[in-house]
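Presented below is the structure to which this report refers.
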Amino acid sequence: MAAAPAPAPAPAPRELPGADGRAKSRSLGRRAAAEAKRYLAFAIYLIVVFGTLILFSINIYARVDQDIPHYPSYHFYALGLINALVLAKFMLIAEAAKLGSLRLGRRITRGPLVYGILYRSLLFTAVLVAAYGLEEVLVGAWHGKAPGTVLPEMAGGPRGVLTFAWVMFVALLPYFAYREIGRVLGGGRLRVLLLRTPAAR
């Protein structure tokens with residue numbers, strides 16, 4: 001008795017036209033959303049830092065000179081907001097360029113975690129100081145000033161630049177501590193530990 005012929009294999013499902021394009025579009029959309037979320041988070045972080053410094057400065061000035069108003073005009077606050085947005089963008093560009101993740105960065109992150117936190121804080125402090133200098137040069141050029149005139153006066157002189165760098169370094173320490181500890185724990189576990197109740201964890 002002749003064996004029944006084997007059934008022909010089912011044709012492989014054909015991918016719908018444009019499916020690959022839609023997948024790439026969704027991937028780009030997710031990446032853009034993640035980048036926007038990171039930018040917004042760091043911008044808010046800097047706004048809090050700058051806002052705290054502004055409030056502290058107002059309090060000090062008011063104690064030194066009673067004629068100084070406690071609440072400056074709105075452009076004083078707007079300047080802090082603009083600086084936070086601009087510096088956050090530079091921070092995002094530096095992270096996208098893998099700054100701090102090259103050979104030296106990888107070697108440091110293989111050591112104690114505190115080394116990686118200090119290294120990245122110092123490195124990105126240099127980025128923020130350079131970005132601040134570039135911003136001042138561009139603003140000076142808009143007003144017809146040469147870089148040689150603007151840079152010596154930046155942040156009130158060399159002491160002001162050093163003070164700004166120190167403030168940024170200290171401000172970045174908790175940011176990178178959160179990032180590095182979260183990277184070691186993985187899977188968003190640090191965010192879960194911080195933001196959820198013990199029962200939900």
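Computed quantities for the displayed model
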item	result
Candidates ALA165, ALA141 - the one that is open to solvent by less than 70 Å² (accessible area, probe 1.4 Å) and under 19 Å from LEU122 (Cβ atoms)	ALA165
Any chance ALA126 is under 16 Å from the mean Cα position of the chain (by Cα) and assigned to a helix (DSSP H, G or I)	yes
Scan of segment 98-123 for residues that are hydrophobic (A, V, I, L, M, F, W, C), more than 15 Å from VAL167 (Cα to Cα) and in a helix (DSSP H, G or I), ordered by number	LEU104, ILE108, LEU113, VAL114, ILE117
Boolean, VAL150 is surrounded by 12 or more Cβ atoms within 10 Å (Cβ to Cβ), hydrophobic (A, V, I, L, M, F, W, C), more than 25 Å from LYS37 (Cα to Cα) and in contact with a helix residue (DSSP H, G or I) (Cβ under 6 Å, 6 or more places away or on another chain)	yes
Residues satisfying the stated conditions in segment 24-44, i.e. surrounded by 11 or more Cβ atoms within 10 Å (Cβ to Cβ) and more than 13 Å from VAL86 (Cα to Cα)	SER25, GLU35, ALA36, ARG38, ALA41
Every pair of residues 6+ apart whose Cβ atoms lie under 8 Å, when the first sits in segment 91-112 and is under 13 Å from GLU180 (Cβ atoms) while the second is among the basic types (Lys, Arg) and open to solvent by less than 40 Å² (accessible area, probe 1.4 Å)	GLY100/ARG120; GLY105/ARG120
So GLY116, is it in contact with a Gly (Cβ under 8 Å, 6 or more places away or on another chain), surrounded by 11 or more Cβ atoms within 10 Å (Cβ to Cβ) and within 22 Å of ILE93 (Cα to Cα)	yes
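The values are calculated or read from the model by the stated rules, or taken from the named source; none is laboratory data. From a predicted model like this one, the values you see are computed outputs, not experimental measurements. Cβ sites come from the backbone with ideal geometry, for glycine too, and all protein chains shown count toward neighbours. Heavy atoms of the whole protein, side chains included, go into the accessibility calculation; ligands, DNA and RNA do not. Shrake-Rupley method; radii C 1.70, N 1.55, O 1.52, S 1.80 Å.
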